[in-house]
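If you scroll down you'll find the structure; I have some questions about it.
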Amino acid sequence: MSKRKVEVSIDIQCPFEEVHDFLDDSDNDPLWQTSVVESRRATGGAIQVGTIYHVKAKFLGRLWEQSWQVVEHDADEHHWKSQTTSGPMQMEAELRYTEIDGGTRISRSLEVDVGHFFKLAAPVVERSIQRELQMDFEILKDILEHQE
């Protein structure tokens, strides 16, 4: 097993509610996540432990389909964690919101088990993921801070 973990954070000058509401809507995922082609919530109701998402994503030239399940979700909605239940690589994602003066800090971590699929190229995959997550956060910041 070859696990790689990357972490990024960014401060966005928008209130928690605006940032949270935007990120809570999976239809917005392709707008700010460069690898996401399509994202849809497969379960209804409020987001909670057990909520399932289906995602089509493109990474390193390949189109993948994955299912994700929320495995932790705080009642105050400042933290959630999910993991893949299907797809080519096992992954865990975690998102934390921290209210700061004038805005919201978002911290995201992604742990990827590259397994045999990318084992020899694990350091390259890790750097690619790190760059992509940082770029995604810059896009997110631009979208949220420049909404009309």
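If only one of SER109, SER128 is among the small types (Gly, Ala, Ser) and part of a strand (DSSP E or B), which one is it?
Only one candidate qualifies: SER109.
Could we say that PRO30 is within 24 Å of ILE143 (Cα to Cα), surrounded by fewer than 17 Cβ atoms within 10 Å (Cβ to Cβ), free of Cβ contacts under 8 Å to residues at least 12 places away in the same chain and in contact with a Ser or Thr (Cβ under 9 Å, 6 or more places away or on another chain) here?
Yes, satisfied.
Taking the conditions exactly as written (at pLDDT 90 or above, under 18 Å from GLU7 (Cβ atoms) and in contact with a helix residue (DSSP H, G or I) (Cβ under 8 Å, 6 or more places away or on another chain)), does ILE100 satisfy them or not?
No, not satisfied.
Moving to a separate point now. Counting just the residues of the range 42-79 that are of a type in the set (Val, Ile, Thr) and in contact with a Gly (Cβ under 9 Å, 6 or more places away or on another chain), which one comes out modelled with the lowest pLDDT?
THR43
Next question, about the same structure. Just to be sure I understand, how many residues within the range 25-59 are in contact with a strand residue (DSSP E or B) (Cβ under 7 Å, 6 or more places away or on another chain) and under 19 Å from GLU94 (Cβ atoms)?
15
May I pose another question? Of all residues being part of a strand (DSSP E or B), touching a helix residue (DSSP H, G or I) at 6+ places or on another chain (Cβ under 7 Å) and of a type in the set (A, V, I, L, M) in the range 1-56, which is nearest to GLU145 (Cα to Cα)? Just the residue, please.
We begin by selecting, within the range 1-56, every residue part of a strand (DSSP E or B); these are 3-12, 36-41, 52-56.
Going one step further and asking which of them are touching a helix residue (DSSP H, G or I) at 6+ places or on another chain (Cβ under 7 Å), we end up with 4, 6, 8, 10, 12, 36-41, 53.
Filter once more, so that each one left must be of a type in the set (A, V, I, L, M): 6, 8, 10, 12, 36-37.
Values: VAL6: 25, VAL8: 18, ILE10: 12, ILE12: 7, VAL36: 21, VAL37: 23 Å.
Applying the filter and picking the extreme gives ILE12.
The values are calculated or read from the model by the stated rules, or taken from the named source; none is laboratory data. Worth saying up front: this structure is predicted, and the values here are computed from it rather than measured. Reconstructed Cβ throughout: ideal geometry from the backbone, glycine too, with neighbour counts over all protein chains shown.
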